[in-house]
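Readers should treat all values here as calculations from the given coordinates under stated rules, not as data from a laboratory. Treat the numbers as computed from the prediction; the structure is a model and nothing was measured. Cβ placement follows ideal geometry from the backbone for every residue including glycine, while neighbour counts extend to all protein chains displayed.
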Amino acid sequence: MPDLSIERDCGGIVAGIDEAGRGPWAGPVVAAAVILPADLSALPAELSDGLDDSKKLSAGRREKLFSTLFSSPSICIGIGAASVTEIEHDNILAATCTAMVRAVAALDRIPDIALIDGNRLPPGLPCPGRTVVKGDSISLSIAAASIVAKVTRDRIMTALAARYPAYHWDRNAGYGTRQHQEGLAAFGVTCHHRRTYAPITKMLSPRDSGTPHIV
């Protein structure tokens, strides 16, 4: 289970950063930055005992933890995103870094250091950064950020699914599931699909590659 060992080693105000949405074929990439109090006793027990890598938690559990995170006055949260247009123009890695920088900028204070899940430090952070491989399983603040980013992005995709029901984004979050593929085969590519991703590129004619279909 993640804890605050890395945060305490760093000292000062520490923000954990994680993202959601690098792999899907549609939708934005979303990042979150979370600053937790250094004293775990200031956290609700549900958070100190229950925060973990979002991928290890059920959707219902993530939603409950998300609500608790936002209702806790001792926690500071920032959210950033990069659009499909930015993903297509800059590539998904650069767009992910952009979303992370925006998440830190959305915090109400600048941290002394940011802990970033993974092995790549985003350029342009307003503070020093440190990468933590598998950080969402090690660092409590990164685990919190993984939940905020995942739930935020899932809600975005659920809202888009109401407008584009054929792709079942409320169930697959834009990943290339069978239902998503069937929707693409029947109705084509929307403006929310990432046209630079190989499965989507293959569906576009040369004439279509510059302008997405809008369903």
In nm, give the distance between the simple-model label positions of C191 and S83, each being 7 Å from the Cα along the Cα-to-Cβ direction. 0.9 nm
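Calculate the FRET efficiency for E46 and K134 from the Cβ-Cβ distance with a Förster distance of 22 Å, rounded to the nearest 0.05.
Efficiency, rounded to the nearest 0.05: 0.40.
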Förster-model FRET efficiency, 30 Å R0, E63 and E182, C-beta, rounded to 0.05: 0.65
Subtracting the Cα-Cα distance from 0.36 nm times the residue separation, let me have the gained length for D3 to A105 in nm, one decimal. 34.3 nm
Let me have the 222 nm mean residue ellipticity of the chain computed from DSSP H runs of 4+ only, each contributing -39500 (n - 2.57), with the sum over all residues rounded to the nearest 500. -12000 deg cm²/dmol
When a footprinting reagent is the concern and you count Cβ atoms within 10 Å, what order do K202, K64, K150, K55 take, fewest first? K202, K55, K64, K150
